[in-house]
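To keep things clear, I will list the structure first and then write my remarks on it.
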Amino acid sequence: MSGLAGRKALVTGGAAGIGAAVARVLAERGAAVVIADLDGDGAQKLAAELGGEAWAVDLLDTAPLESLRLDCDILVNNAGIQKVAPIQEFEPGAFRRIQKLMVEAPFLLIRAALPHMYERGWGRIINLSSVHGIRASAFKSAYVTAKHALEGLSKVTALEGAEHGVTSNCINPGYVRTALVERQIADQAATHGISEGEVLEEVMLTDMAIKRLVEPAEVASLAGWLASDDAAMVTGASYTMDGGWSAR
């Protein structure tokens, strides 16, 4: 696989979970990595480990992003949050926060990164979507809406960026072994009226043919390939890594 020496990567939500795994893979392949995260200490710790940089940033504060210019060659939009509740009980403010973090912020970061990518004639935008970007689940109206919107943004970016050497793709995992998923277990148990021990088998993995969580390193391996020159003809695509969920 082609190396990434001389490339600069920005990974949002990069201090832990999928983001940290992706940052490690990109760094291993030679990229200079910027870890962007609300957890500034966590970002700094991982950046020091990888010889990269840390950017402590609250992506819910989108106003400063409107005038931002990024000099990254690889942008990984990974930061996300979740809330589980029926639509009639879903707080409008929580719905808006999820759209802001998972749709508006990626749009603004892509907007900030494209001029540099166009100037260099090379760029990779990798959007961490979800199986919920192509399928729906009850009680996740905001998350499903945001991931579907991210899919559309990614495809438009692919069409506009093609003549400039810029690709844009989505990765669509099922449930990944991260803190975000672990926090959902209690919410799912309360919503469905079952024990936390039953959530994994009866809710999270019920539609997956392979009955286990996706590992962050598996997602990161795909991100590493999408960032490489070997994936130069891959754009506007959505790569499922869902254990067969979307095959149904």
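What follows draws every value from the coordinates through simple rules; no lab data is involved. Treat the numbers as computed from the prediction; the structure is a model and nothing was measured. Backbone-built Cβ (ideal geometry, glycine too); neighbour counts: all protein chains shown.
Here are some notes:
- Calculated mean residue ellipticity, 222 nm, the chain: -12000 deg cm²/dmol, from DSSP H runs (n ≥ 4) at -39500 (n - 2.57) each, averaged per residue and rounded to 500.
- Residue order, fewest to most beta carbons within 10 Å, for I81, I194: I194, I81
- Net charge, S168 excluded, C-beta distance under 10 Å - Lys, Arg +1, Asp, Glu -1: +1
- Virtual spin-label span in nm between H164 and S195, 7 Å along Cα→Cβ: 5.5 nm
- Percent RCO, i.e. relative contact order, over the range 62-196, from Cα pairs under 8 Å lying at least 6 residues apart: 29 percent
- Helix 179-192 and the long axis of the chain differ in direction by around 30°, with both axes built from C-alpha atoms.
- Three-way shape label, the range 35-165, alpha-carbon gyration tensor, a/c 1.5: oblate
- Here the 3J(HN,Hα) profile of the range 100-112, calculated from phi with Karplus coefficients 6.51, -1.76 and 1.60 at θ = phi - 60°, is 5, 6, 9, 10, 5, 4, x, 4, 5, 5, 4, 4, 6 Hz, Gly and Pro shown as x.
- Across the range 60-70, computed HN-Hα scalar couplings (Karplus, 6.51 cos²θ - 1.76 cosθ + 1.60, θ = phi - 60°) run 6, 8, 7, 4, x, 6, 5, 10, 6, 10, 10 Hz from first to last residue, x flagging Gly and Pro.
- The chain - percent relative contact order, Cα under 8 Å, separation 6 or more: 21 percent
- Normalised convex hull volume, the range 121-235, alpha-carbon set, Å³ per residue: 103 Å³
- Positive dipole terminus of the chain, leading residue within P92, A48, T178 (C-beta point charges): P92
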